[in-house]
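These notes concern the structure reproduced below.
No lab work stands behind these numbers, since they all come straight from the coordinates. Worth saying up front: this structure is predicted, and the values here are computed from it rather than measured. So basically every Cβ, Gly included, is an ideal-geometry build from the backbone, and we count neighbours across all protein chains shown.
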């Protein structure tokens, strides 16, 4: 997979930008606040339909402008793919895939795919369960349109059930919504189970490399049904059991929206008892595992986005990460090139005040 061209109009600090990326490694350098992360954000938007920095689309529109447009051209084994997105204040986003308008965001998934690693991701292990659910959901959505659609359907049903709980406690109508929620939860839970069954050995292998085999990483999906064969039936029973609690708290307290991915070193729960170094090494292992799993699913490596993350790692971890970038198109942002970057064969771009020049 090769992102060879990115075009931006009125996107954040860029009035008009066209970047042609080479194969291999591209390094975006420049002082903080010059627009390096804006480029990564635009690429990620074309991959997932979302920013990794904000939930507000209007934040991505340049100050004083009413619209922005982002276009990417990607080459895969099956040929050329383009994704073109326009965001306009007060209007629905417009998306073209290979020149054709699409009505559902899930239809753009897979045309440009990426794994992103930013400083916020270094908190993946120690943050709450929402961060790890997002980690699972983003990877699964990029390789499976079915998962993306199933997740959206579940979230819409969850929203309706929660609104019912807030309005009048739900009453007898909850029976219908419980059945629908349990039905729509099943494909999500099963897909996450399969994902984690694959993730565990990949992450353990990556961690063994990063830690020189000193520690064993364990990952396990903690789903609300505790591994029940009859997922739908088990969740329906849980919803009925927790109904009074849900009515009192006015939201749904059980379901895949509350599940977690547990991460241990041996018997040690890294979220609560891991050192910062252990947590960061585990996060690196998870990201490397994600990269390898996406390669297996897509038949080629996705794009790797390293957004100002190297400065947060010690020299050893920097080198261990960069040593594994062979055959992966990688875009790295860094205010000051880390020592480990100085020995890489990379194309360097200088970013300054919304302008990009190749050095």
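Please report, in whole Å³, the volume per residue of the convex hull around the C-alpha atoms of the stretch 128-186.
81 Å³
Taking just the alpha carbons, could you work out the radius of gyration and Dmax for the stretch 1-151, both in angstroms?
Here Rg and the maximum Cα pair distance are 15.4, 42 Å.
In whole Å, how far is the Cα centre of the stretch 175-200 from that of the stretch 25-58?
That distance is 31 Å.
Just need the Rg to Rh number for the chain, please, alpha carbons only, Kirkwood Rh.
We get a ratio of 0.99 for the chain.
Given a Förster distance of 22 angstrom, what is the FRET efficiency for residue 102 paired with residue 54, based on the Cβ-Cβ distance and rounded to 0.05?
Calculated value: 0.45.
Return, ordered by residue number, the residues of the stretch 104-139 whose backbone nitrogen is under 14 Å from a label point located 7 Å along Cα→Cβ of residue 32.
Counting only backbone N, you get 119-120.
Would you work out the Kirkwood radius for the stretch 120-273? I mean one over the mean of 1/r across all pairs of different Cα atoms, in Å.
16.7 Å
Round to the nearest 10 and give me the degree value, 0 to 90, for the angle of helix 231-241's Cα axis relative to the longest principal axis of the chain.
60 degrees
Just want to confirm a number: the relative contact order over the chain, from Cα pairs under 8 angstrom separated by 6+ residues, in percent.
Rounded, it is 25 percent for the chain.
Output the antiparallel fraction of DSSP beta bridges having both residues in the chain, as a percent to the nearest 5.
70 percent
Note the angle between two axes, namely the Cα long axis of helix 174-210 and the longest principal axis of the Cα atoms of the chain, as a number of degrees from 0 to 90, rounded to the nearest 10.
Long axis of 174-210 versus the principal axis of the chain: about 40 degrees.
Taking the Cβ-Cβ separation of residue 342 and residue 127 as r and a Förster radius of 35 Å, what is the calculated FRET efficiency to the nearest 0.05?
Result of the calculation: an efficiency of 0.65.
What relative contact order, as a whole-number percentage, does the stretch 123-299 give when Cα pairs under 8 Å and 6 or more residues apart are counted?
Relative contact order for the stretch 123-299 comes out at 33 percent.
From the P(r) of the stretch 217-359, can you give the percent of Cα pairs sitting at distances over 21 Å?
63 percent
Let a ≥ b ≥ c be the square roots of the eigenvalues of the Cα gyration tensor of the stretch 78-119; is it rounded (a/c under 1.5), or, if not, prolate (a/b larger than b/c) or oblate?
Taking the square roots of the gyration eigenvalues as a ≥ b ≥ c, the stretch 78-119 is oblate.
What percent does the relative contact order of the stretch 227-359 come to when contacts are Cα pairs within less than 8 Å and at least six residues apart?
13 percent
What distance in nm lies between label points placed 7 Å from Cα along the C-beta direction at residue 5 and residue 205?
3.7 nm
Expressed in nm to one decimal, what extension gain is obtained for the pair residue 298 and residue 63 from 0.36 nm per residue of sequence separation less their Cα-Cα distance?
The residue 298-residue 63 span can extend by a further 80.9 nm.
May I ask you to compute the full-extension gain from residue 163 to residue 215, defined as 0.36 nm times their residue separation minus their alpha-carbon distance, rounded to one decimal in nm?
That works out to 14.1 nm of additional length.
Given the options 242, 168, 98, state which has the largest fluctuation in a GNM of the chain using a 10 Å cut-off (strictly under) for Cα springs.
Checking each option, the largest mean-square fluctuation is seen for 168.
If r is the Cβ-Cβ distance from residue 78 to residue 241 and R0 is 41 Å, what FRET efficiency results, to the nearest 0.05?
Rounded to the nearest 0.05, the efficiency is 0.30.
Compare 65, 248, 192 in a GNM of the chain, Cα atoms joined below 10 Å, and give the one with the largest fluctuation.
Of 65, 248, 192, the Gaussian network model singles out 248 as fluctuating most.
Would you mind checking the stretch 300-337 for residues with the amide N under 20 Å from a putative spin-label position 7 Å along Cα→C-beta of residue 268?
Under cut-off, by backbone N: 313-318.
Please check which bits of the stretch 48-63 a label hung off residue 353 would reach, taking the label as a point 7 Å along Cα-to-C-beta and the cut-off as backbone N under 18 Å.
63
Between helix 129-143 and the chain, what is the angle of the helix's C-alpha long axis to the longest principal axis, kept within 0 to 90° and rounded to the nearest 10?
Helix 129-143 and the main axis of the chain meet at about 70 degrees.
Under the 0.36 nm per residue contour assumption, what length would be gained going from the current alpha-carbon distance of residue 156 and residue 16 to full extension?
Taking residue 156 through residue 16 to full extension adds about 46.7 nm, to one decimal.
On alpha-carbon atoms, Rg over Rh for the stretch 1-63 using Kirkwood Rh?
Looking at the stretch 1-63, the ratio lands at 0.95.
Is the shape of the stretch 185-265 best called rounded, prolate or oblate, per the rule: a/c under 1.5 gives rounded, else a/b larger than b/c gives prolate, else oblate, with a ≥ b ≥ c the square roots of the Cα gyration tensor eigenvalues?
prolate
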